[in-house]
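First up is the structure itself, then whatever we jot down about it.
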There are 4 protein chains.
Amino acid sequence: DAQNVMKLIIDCDAGVDDAMALIMALDYVRKGKAQVLAVTCVQGNTGLDNVVVNVLRTMNAMDIQVPVYRGAKDPLIGPYIRHGPPFHGEDGLGDAHFDTTPDLSVVSSEHASLAIARLVRDNPDEVTLIATGPLTNVALAIKMDPDFTKLLHSFYIMGGNLNGRGNITTCAEFNFHNDPEAALVTLTESLTPPRMITFDLCISQALFSLDWRKNKLGQKATRQARFQNKIEDTLLKAFEKYYGDYSMWDQVAVAAALNPGQVVTEASSACASVELAGQHTRGQMIIESRLRQDDRKNNVVIVDKIDKTALENMVLDAFD
Amino acid sequence: DAQNVMKLIIDCDAGVDDAMALIMALDYVRKGKAQVLAVTCVQGNTGLDNVVVNVLRTMNAMDIQVPVYRGAKDPLIGPYIRHGPPFHGEDGLGDAHFDTTPDLSVVSSEHASLAIARLVRDNPDEVTLIATGPLTNVALAIKMDPDFTKLLHSFYIMGGNLNGRGNITTCAEFNFHNDPEAALVTLTESLTPPRMITFDLCISQALFSLDWRKNKLGQKATRQARFQNKIEDTLLKAFEKYYGDYSMWDQVAVAAALNPGQVVTEASSACASVELAGQHTRGQMIIESRLRQDDRKNNVVIVDKIDKTALENMVLDAFD
Amino acid sequence: DAQNVMKLIIDCDAGVDDAMALIMALDYVRKGKAQVLAVTCVQGNTGLDNVVVNVLRTMNAMDIQVPVYRGAKDPLIGPYIRHGPPFHGEDGLGDAHFDTTPDLSVVSSEHASLAIARLVRDNPDEVTLIATGPLTNVALAIKMDPDFTKLLHSFYIMGGNLNGRGNITTCAEFNFHNDPEAALVTLTESLTPPRMITFDLCISQALFSLDWRKNKLGQKATRQARFQNKIEDTLLKAFEKYYGDYSMWDQVAVAAALNPGQVVTEASSACASVELAGQHTRGQMIIESRLRQDDRKNNVVIVDKIDKTALENMVLDAFD
Amino acid sequence: DAQNVMKLIIDCDAGVDDAMALIMALDYVRKGKAQVLAVTCVQGNTGLDNVVVNVLRTMNAMDIQVPVYRGAKDPLIGPYIRHGPPFHGEDGLGDAHFDTTPDLSVVSSEHASLAIARLVRDNPDEVTLIATGPLTNVALAIKMDPDFTKLLHSFYIMGGNLNGRGNITTCAEFNFHNDPEAALVTLTESLTPPRMITFDLCISQALFSLDWRKNKLGQKATRQARFQNKIEDTLLKAFEKYYGDYSMWDQVAVAAALNPGQVVTEASSACASVELAGQHTRGQMIIESRLRQDDRKNNVVIVDKIDKTALENMVLDAFD
Ligand SMILES: [Ca+2]
Ligand SMILES: [Ca+2]
Ligand SMILES: [Ca+2]
Ligand SMILES: [Ca+2]
């Protein structure tokens, strides 16, 4: 029934976790439960050109083609810099070897930000926007069409943090650190409050054992499973060396968006902003938690708890 | 001869000096020396809706219609705030009374930033872009189409300062202060170095006596002269009270763009940036002037001296 | 036995919780378990002149006189501003009425910061320094005598936060917000790592019911109990209105310092700094918690858990 | 006549220009026109230990001993960093070779900042304070004794800039950049407005030809002249390579302080501050120059013009 088919736009910086997240969304597509109106590409885990290639490779692994758009090659302010430890490899997919190169001619000529706003306007109150990379494309969409966000059905963001603890700098989470101005614009100007899948949520509630990753998920033999194992090899070695656990990030945002009723078990409204200045704190998500601030205006929804089993099952299903 | 007809895009936040500057450009249009491809509107001296109306009123005063586009209603970061002393009135045109309201249906539906990039691409190496307001529209155009600026014929900006002295805050000039992020993007990402008409230039070399304004320029009796006298009444009273002189701002940028050979008598390359942080200095234009910086890359041209008589004559001609 | 008598310096901005904390320290003095070498006064909850008077009143309530020193009347940078909600009243002691005025002639002429360094040098490895106000005096002591801190026996600070959540601004705790530069100097230049009693600890582990405050602690009839009830009247009403609980702050620092073996049940080393810039985050304590930062140098000890019963008993004893 | 003997405190970070400035002051001492109550040493051109040695060497070259005090080894915030191009050498005196080491036992044990405040209080309205290095010692003196500055006879500072152009960073002058917090405290809390000898003044009005330096000043054969030639050898080579001129800095401050009637020909009051934040502008001196700021409170005096011949003669005399 068409009314139950979710319409998705996925804005991503693939990225090995974006890849798995995309596979989960495409799993819903093949099951007839979702339609992906667009995958929009943004600089982030790797440069924009790589992101586009990586998205095409991931769709190819699922043998499902959906519209792909190019977006921002740089953050709002300043040039693209590949930050942080090379968990995603230079190319964003673990520097795995591929024999073929995707056909770039399938990529739309429209700018990702324009496409996002247009598709939302064309499908009022129907589109779920999921952002799993820096928010440059989304912020530019808002700047070019300030009102389109009120026509969103729902909006999920993987990014930001709740407690001033970061993974890329001392105080900032990767996606927000990459483009703090875009994060600020998105949080403060979106007319549909985004549902935030934060750093804090992921590192506390989306941790799986490496044994599970290797011997349960890793034993799947589908084409997409072999693809994911291949691109995640570098990452898994880093997880093994530094953390001892396997953490999910963008997968949580997609799982929550696809199946909020089962995945999100607690959520709360909050008044959030983003620090732009600060020697240590640039990119930190700011949460107002003082009492006696009765006039504060909540602008985001924090996902506080997830059902990890629901997440696990969605991941496992996607690789069947 | 069509080859000698300049093609202009004027990005403005009209504003009474923008209005006079626009009249000067339209004077070149009626003389067949210039074509205005677009007047693109941006928030600044007043809110965007007022700017659009003001541009239409100004064209009406000259009885020349050129394409008009709406652009950004807010700076890149944060909401529009009408700053500073009310020299331009609440409505941007001195709160003068008008009996009629312009017909807004002539305004194009395309976003100003997209129009700027498109028109430049359609007229490669032919367009002179003149920005006399905050640089939000220009920065968004660059963000949406990073390479279009290399196809500009030339690029003039009224904005910024050379010596850390401002007119709106202690250290910042109005247009840069309004949207420092846009100014930074424009200065550092434009592939054609903008020619800067700075605060310092205007207050030192574009000063006229109030007597000149009232009794020479003010005695013109054309429709556009009566229009300008009407909208500048508030401003002139403020100039009289606070300064004792009549200073030109956006007029200098348009004069320099229309007639660089006569108006600009000295210019120099410089390496410029914009301060985004700073308790006092947010929005200050930053000029590298240290010796021993041999590897610096110049990205702007500072207009150091103008021929004031050439400017004066262009202004007087426009109101004939 | 003199060897078991602790030597204390208490640097405070009294403040009603500083007053209770001081009473707890003086309780140890009357029991022969501690010697207070100095109470050093710093601006904070109220202006410096009030702080001095408040300290003298508190000692008077216990009928114990120890040396008192005047310190900084302003933060390191900028003038004193009384921040935040008036929990401590204008005068720092709830604007309670007193019939008498303390004799200020007992206050030493030496600057508090010089006294702190001198007393530590005169009692090497014996002094426990407890700072329950902004760290201006301590930072100035370090600036004037950078090495004295290595001669401390131990060092306790009430201040700072662990998770970017503040009580005076969105991101900063009161004492750090009042003088972020002093907090930074103290944390990064003290040669004895301070033991931090943070905002987070106090609001989670030092909460008592208002019923306990009124009907258990509040029923004590000693002179110091009547004094504390009197000065805390305003605060208790605010606690009742806004929070519903009674929270302890400076009391925790003094309890931990006086009786670390019983009060502090968990503590951990950390690498801490203080944000000086930041629109939202000025004054936020910064904790490095990223993995893979093996070369970080821990400079503070965070008190993670306290035995609330031990704290409670110390408070109740002090008012007997 | 003792009433005409100026009483000086020279706070310096010697530094080859500090050395020449000190020689000029000692020239006034040997002529009975000035008494140097103290030379107080501060980190800056080189580390504090070197500064102390350099001051002693300079006094030795003049064969005049005045009291010397050690002050701050670090700026108010953060550790000492030797910044900028090595014009002064590693050791602050051009890394010239000396056969002997000064006797450090003559250095007073009192902290420089305490000595400054004490000497001013002991000689009310008589002391001219000249600061030719970063303002750390002066700021600490103010912090420890906020009122002593109202007892100054006069106060000269070499430091700061007027137009957002720097010599050590793009926007900051060396002394202010080294310790912006100290500069801010000094400018905003001194109760005697300092007379500012700025970067802008020195590079425009205290320029001499290298020929003059070598063949006029350089031909003097006194002990102090040989000393200065020796320590300035490195600097002169750098001036020759990069600038083509010989510029005076600290010499201007001392000349202005010793002989204001002849040296300072124009000065004006101003409202000044110092930027602490800012990616580019940290350490920039901020001057309020907007019109319509009638309520601003001037807190400094800018030395706008000097008589260069008077300066030249004082320098030449000092080396006779
Ligand atoms: Ca991602
Ligand atoms: Ca304008
Ligand atoms: Ca306190
Ligand atoms: Ca110096």
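Criterion first (of a type in the set (S, T, N, Q), out of contact with any helix residue (DSSP H, G or I) (no Cβ under 7 Å at 6 or more places or on another chain), under 23 Å from B:LEU140 (Cα atoms) and within 14 Å of chain C (Cβ to nearest Cβ)) does A:THR188 satisfy it?
yes
Looking at (1) in contact with a Phe, Trp or Tyr (Cβ under 6 Å, 6 or more places away or on another chain); (2) more than 24 Å from C:LEU184 (Cβ to Cβ), can you tell me which one C:ASP74 breaks?
Of (1) in contact with a Phe, Trp or Tyr (Cβ under 6 Å, 6 or more places away or on another chain); (2) more than 24 Å from C:LEU184 (Cβ to Cβ), only one is false for C:ASP74: (2).
Criterion first (without any contact (Cβ under 8 Å) to a residue 40 or more places away in the chain and away from ligand 4 (no atom under 13 Å from the Cβ)) does D:VAL29 satisfy it?
Yes, satisfied.
Is at least one residue of segment B:46-56 within 14 Å of chain A (Cβ to nearest Cβ), away from ligand 1 (no atom under 16 Å from the Cβ) and either touching a Cys at 6+ places or on another chain (Cβ under 7 Å) or of a type in the set (Ser, Thr, Tyr) (or both)?
yes
Residue by residue through segment C:167-189, note down the ones that are of a type outside the set (A, V, I, L, M, F, W, C) and under 17 Å from the mean Cα position of the chain (by Cα).
Residues satisfying the conditions are C:ASN167, C:GLU173, C:ASN175, C:HIS177, C:ASN178, C:ASP179, C:PRO180, C:THR186.
Just to be sure, is A:HIS83 of a type outside the set (Phe, Trp, Tyr), free of Cβ contacts under 8 Å to residues at least 24 places away in the same chain and exposed (fewer than 14 other Cβ atoms within 10 Å of the Cβ)?
No; evaluated as a whole, the condition is false for this residue.
Between D:LEU26, D:LEU22, D:LEU104, D:LEU93, which is crowded, with 22+ Cβ neighbours inside 10 Å, of a type outside the set (D, E, K, R) and over 30 Å from D:LYS241 (Cα atoms)?
Of D:LEU26, D:LEU22, D:LEU104, D:LEU93, the one residue that is crowded, with 22+ Cβ neighbours inside 10 Å, of a type outside the set (D, E, K, R) and over 30 Å from D:LYS241 (Cα atoms) is D:LEU26.
Take the conditions within 14 Å of chain D (Cβ to nearest Cβ), over 24 Å from C:LEU311 (Cβ atoms), free of Cβ contacts under 8 Å to residues at least 60 places away in the same chain and more than 16 Å from ligand 4 (Cβ to nearest atom) and apply them to C:LEU76. Does it pass?
Taking the combined requirement at face value, the residue does not satisfy it.
Given the condition touching a Phe, Trp or Tyr at 6+ places or on another chain (Cβ under 9 Å) and among the hydrophobic types (A, V, I, L, M, F, W, C), answer yes or no: does some residue in segment A:260-273 qualify?
No, the conditions are met nowhere in segment A:260-273.
What's the number of the only condition in (1) within 14 Å of chain A (Cβ to nearest Cβ); (2) closer than 27 Å to C:MET62 by Cβ that C:SER289 fails to meet?
Only one criterion in (1) within 14 Å of chain A (Cβ to nearest Cβ); (2) closer than 27 Å to C:MET62 by Cβ is unmet by C:SER289, namely (2).
Just give me the residues in segment D:245-256 being within 16 Å of the chain's Cα centre (by Cα) and farther than 19 Å from D:PHE176 by Cβ, in sequence order.
Result: D:ALA255, single match.
Look at C:ALA131 and say whether it is within 14 Å of another protein chain (Cβ to nearest Cβ) and of a type in the set (A, V, I, L, M).
Judged against the criteria, C:ALA131 is not a match.
For segment D:253-270, give me each residue that is surrounded by fewer than 18 Cβ atoms within 10 Å (Cβ to Cβ) and touching a strand residue (DSSP E or B) at 6+ places or on another chain (Cβ under 8 Å).
D:PRO260, D:THR265, D:GLU266, D:ALA267, D:SER268, D:SER269
Look at D:ILE168 and say whether it is closer than 22 Å to D:PRO134 by Cα, surrounded by fewer than 22 Cβ atoms within 10 Å (Cβ to Cβ), modelled with pLDDT under 95 and away from ligand 1 (no atom under 16 Å from the Cβ).
yes
Report yes if some residue within segment B:301-314 is in a loop (DSSP other than H, G, I, E, B) and among the hydrophobic types (A, V, I, L, M, F, W, C); otherwise report no.
no
Among the listed residues D:ASP245, D:ASP250, D:ASP295, which satisfies the condition of being free of Cβ contacts under 8 Å to residues at least 40 places away in the same chain, surrounded by 15 or more Cβ atoms within 10 Å (Cβ to Cβ) and more than 10 Å from chain B (Cβ to nearest Cβ)?
Just one listed residue meets the conditions, D:ASP245.
So, in segment A:1-25, how many residues would count as being more than 14 Å from the chain's Cα centre (by Cα) and either within 16 Å of ligand 2 (Cβ to nearest atom) or touching a residue at least 60 places away in the same chain (Cβ under 8 Å) (or both)?
Number satisfying all stated conditions: 2.
Every residue in segment B:107-128 that is more than 11 Å from B:ARG70 (Cα to Cα) and either more than 14 Å from chain A (Cβ to nearest Cβ) or surrounded by fewer than 18 Cβ atoms within 10 Å (Cβ to Cβ) (or both), please.
Of everything in segment B:107-128, those that are more than 11 Å from B:ARG70 (Cα to Cα) and either more than 14 Å from chain A (Cβ to nearest Cβ) or surrounded by fewer than 18 Cβ atoms within 10 Å (Cβ to Cβ) (or both) turn out to be B:ARG118, B:LEU119, B:VAL120, B:ARG121, B:ASP122, B:ASN123, B:PRO124, B:ASP125, B:GLU126, B:VAL127, B:THR128.
When you go through (1) aliphatic (A, V, I, L, M); (2) within 14 Å of chain D (Cβ to nearest Cβ); (3) more than 18 Å from A:ALA139 (Cβ to Cβ) one by one for B:ALA183, which number turns out not to apply?
(3)
The values are calculated or read from the model by the stated rules, or taken from the named source; none is laboratory data. Computed from a prediction, not measured in an experiment: that's the story for all the values here. Here Cβ is always computed from backbone atoms with ideal geometry, including for glycine, and neighbour counts include all displayed protein chains.
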